[in-house]
1. How many nm separate the modelled label positions at residue 199 and residue 11, each set 7 Å beyond the Cα in the direction of the Cβ?
2. Heavy-atom accessible area of residue 257 with all protein chains present, probe 1.4 Å, nearest 10 Å²?
3. What's the angle, to the nearest 10 degrees (0 to 90), between helix 9-54's Cα axis and the longest principal axis of the chain?
4. Hey, could you get me the Stokes-Einstein D for the range 121-186, Kirkwood radius over alpha-carbon pairs, 25 °C and 0.890 mPa s, rounded to whole µm² s⁻¹?
5. Picking from 206, 308, 268, which is most flexible by a Gaussian network model of the chain using Cα springs under 10 Å?
6. Could you tell me what a quarter of the Cα convex hull surface of the chain works out to, in nm² with one decimal place?
7. Which cross-chain or sequence-distant (5 or more) residues have an amide H under 5 Å from the amide H of residue 109, H modelled 1.01 Å from N in plane?
8. Taking the chain as a Gaussian network, Cα atoms linked when under 10 Å apart, which of 211, 139, 226 shows the biggest mean-square fluctuation?
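The values are calculated or read from the model by the stated rules, or taken from the named source; none is laboratory data. Since the model is a prediction, treat every value here as computed from it, not as a measurement. Glycine also receives a Cβ, built like all others from the backbone with ideal geometry; neighbour counts cover every protein chain displayed. Protein only, heavy atoms only, side chains kept; ligands, DNA and RNA dropped before computing areas. Shrake-Rupley method; radii C 1.70, N 1.55, O 1.52, S 1.80 Å.
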Amino acid sequence: MYFDFADEGPKLAMLLYGLIAFAVIVGGLLLLLDAVPTWLTRRREQRLIAAGATGATAATGAAGGSVPVGRRRRGTEGLFGTFFLLPALVLLAIGLVIPALRTIVLSLMDGRSEDWVGLDNYRWMFAQDEIIQVLTNTLIWVVLVPTVATAVGLIYAVLVDKARFEALAKSLVFMPMAISFVGASIIWRFVYAYRGGEQEQYGLLNYLVTLFGWEPQRWLQLNAPLNTLLLIVVMIWIQAGFAMVVLSAAIKAIPADIIEAARLDGVNAWQMFWRVTMPSIRPALIVVVVTISIATLKVFDIVRTMTNGNYDTGVIANEMYNQAFRYGQTGQGSALAVFLFVLVIPIVIYQIRNLRKQREV
């Protein structure tokens, strides 16, 4: 293929300008991050030296009304901290606060974002049978995935703890975490694959079914919520590895003297698990359940890749995408997004309060 530099000159120039602008912006930020803290530190040192030379900071403040050194130091440190927080606050506002406010505004408008409709989009959510099914599916996901994934991860962590091939066993369970949700969904689509007629089944599940003399099934087209449960299996398969790693680390962090004291008291394995292990790893359990719950509420890739929400398998995130981008109903899609945001908030607040309690202890 022939490449003409003359014809592509404007594009190359634009690329060059972009690289120069990127270098200038990044270089300027790095320079500021190096120069400004140094300048503030030098000014603080000069003030401290000047205050020490006089030897009467407090007396001077009382007589002449000047600001004490401690207060000036706190002011400088506050300015110093604000300087470092400012880029993060700006990015947070651009990437989270402003889009969230805009989404709330769009949820109060019609599909074309032209006229105000008030709360009609939210009434629509609870008046349509299809959306009720979506909300019900989301509830099933949120109840089952964190519970089962955490339970599987905990059982596996306890069973392989200090086993001979512990590292290998943990690696095999954690491996699905290294696969994207889309990749995992494609793998499980082959597991649930179906061939009609007398064709040989290449889907793993249907192949096993035919070995026992039963009829193969269109697993992803079964009546709800059975097909939803089959999708949930994929999420559990992915998240169980995460739960196992975190809980295994928490189990290994249990002080040895507590375990030895329990053994001296004559507790059996079951009592050791419920009376020693579970209370000791409770904070880790909460973190795992909260993290998986938030990820489950936002699940999109699995449903999109495997069924696209058909056959009554839709969830909030997938329906939000369909309404906003496939059907052109921006208001209804935004209302679903706001509702999803509201569902996540209590979980986040609970986690923040739990972390504060742990710090106080």
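1. So the label points at residue 199 and residue 11 sit 4.1 nm apart.
2. Rounded to the nearest 10, the figure is 110 Å².
3. Between helix and principal axis, roughly 50 degrees.
4. 164 µm²/s
5. Judging by the Gaussian network model, the answer is 268.
6. Its Cα hull, projected and averaged over all orientations, spans 35.8 nm².
7. Excluding prolines and chain starts, which carry no amide H, the hits are 117.
8. Among 211, 139, 226, the largest mean-square fluctuation in the Gaussian network model of the chain belongs to 211.
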